[in-house]
1. Which of the residues that make up segment 25-57 are among the basic types (Lys, Arg) and within 11 Å of ligand 1 (Cβ to nearest atom)?
2. Can you find, within segment 100-149, the residue that is farthest from residue 161 (Cα to Cα) among those that are touching a helix residue (DSSP H, G or I) at 6+ places or on another chain (Cβ under 7 Å) and basic (Lys, Arg)?
3. Give segment 99-140 a look and list any residue that's in a helix (DSSP H, G or I), polar (S, T, N, Q) and surrounded by 13 or more Cβ atoms within 10 Å (Cβ to Cβ), or say none.
4. Return yes when residue 146 is closer than 16 Å to residue 58 by Cα and touching a residue at least 24 places away in the same chain (Cβ under 8 Å) and no when it is not.
5. Kindly provide the set of residues from segment 19-43 that are within 11 Å of ligand 2 (Cβ to nearest atom) and within 14 Å of the chain's Cα centre (by Cα), ordered by number.
6. Would you confirm whether or not segment 19-32 contains a residue that is modelled with pLDDT of 95 or more, of a type outside the set (A, V, I, L, M, F, W, C) and on the phi > 0 side of the Ramachandran plot?
7. Residue under question is residue 96, and the condition is that it be away from ligand 2 (no atom under 16 Å from the Cβ) and surrounded by fewer than 21 Cβ atoms within 10 Å (Cβ to Cβ); does it hold?
Amino acid sequence: MNNIKLVVLGSGCVGKSSLTIRYVHNEFIDRYDPTIEDMYRKVIEVNGNHFMLEIMDTAGTETFLAMRDLYIRNGQAFMLVYSITSRSTFQELEQVKDQVLRVKDQSVARLPMLIVGNKSDLESDRMVSSEETEKVCAKWGIPFIETSAKTNMNISTAFELLVRQMQRKLSDKDKKKKRSVVCQIL
Ligand code: GDP
Ligand code: MG
C-alpha cells in the first residue's frame, strides 16, 4: 500500500486538530490542546486504490515557522485551513501557499493542495463568503471546500479530494516521463 504524507497547515484555532480528529476518530473535541502536533494514520480508498494517509497536524508553537519548512519538505499533499469566522486566518493562507510553493519548488499544477474553509456551521459568525474564497482560489488555481469538524460536513470529502488530486497529478507526471522516454528513443 502506498503512503501519502499529508500536512495540515493554517493559523491557530481554525480547527486543524478538530478536522483531523473528526476524520480519523470520528469525534469532535471541544477543547484540544493547541500546542499539540501529532501524526495520525488512516487507510483511505479512492478509485478502488488503498492508501495509507499519514496526516501531520501542525501547531503554531514558537519554533513553528522554522519547523514549517521541514513539514512542508516532507509532505506530499497540503491542506490549507482557515476559519470562515475569521478574515485574518484566510488572509494568512496566501503566505502559507507561497511557502509551500517555494519549499517544494513546484508549480500549483504539480502540487496537491486544497483550501479548506472550516467552521461552516457557524453561519451567523461568517466573515468570509464562499464566493470570495472561490474567486481567490480560482486565481491561485487551487480547489476549495467548506467543512465543519463539528457537524462532520465535508470532512472525508476534503481528504478524498486531496488524494484524488494527488493521484491525478502523479499520473500526469508519469505520462510526461513516458513521453520524454519515447522522445529519447526516437
Ligand atoms: P487548531 O489550533 O487549528 O488545531 O484548532 P482546534 O482544532 O484546536 O480548534 C480550535 C477551536 O475551534 C476549538 O474550540 C474547537 O472546538 C473549535 N472548532 C474547530 N472546528 C470547528 C467547527 O467546525 N465548528 C465549530 N463550531 N467549532 C470548531
Ligand atoms: Mg491544533
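1. Answer for segment 25-57, where residues must be among the basic types (Lys, Arg) and within 11 Å of ligand 1 (Cβ to nearest atom): just 31.
2. The selected residue is 104.
3. 99, 130, 133
4. No.
5. Result: 19, 20.
6. Checking segment 19-32: at least one residue is modelled with pLDDT of 95 or more, of a type outside the set (A, V, I, L, M, F, W, C) and on the phi > 0 side of the Ramachandran plot.
7. Spelling it out, it is not the case that residue 96 is away from ligand 2 (no atom under 16 Å from the Cβ) and surrounded by fewer than 21 Cβ atoms within 10 Å (Cβ to Cβ).
The values are calculated or read from the model by the stated rules, or taken from the named source; none is laboratory data. Computed from a predicted structure; not experimentally measured. Using ideal geometry, Cβ is built from the backbone for each residue, glycine included, and neighbour counts are taken over all protein chains shown.
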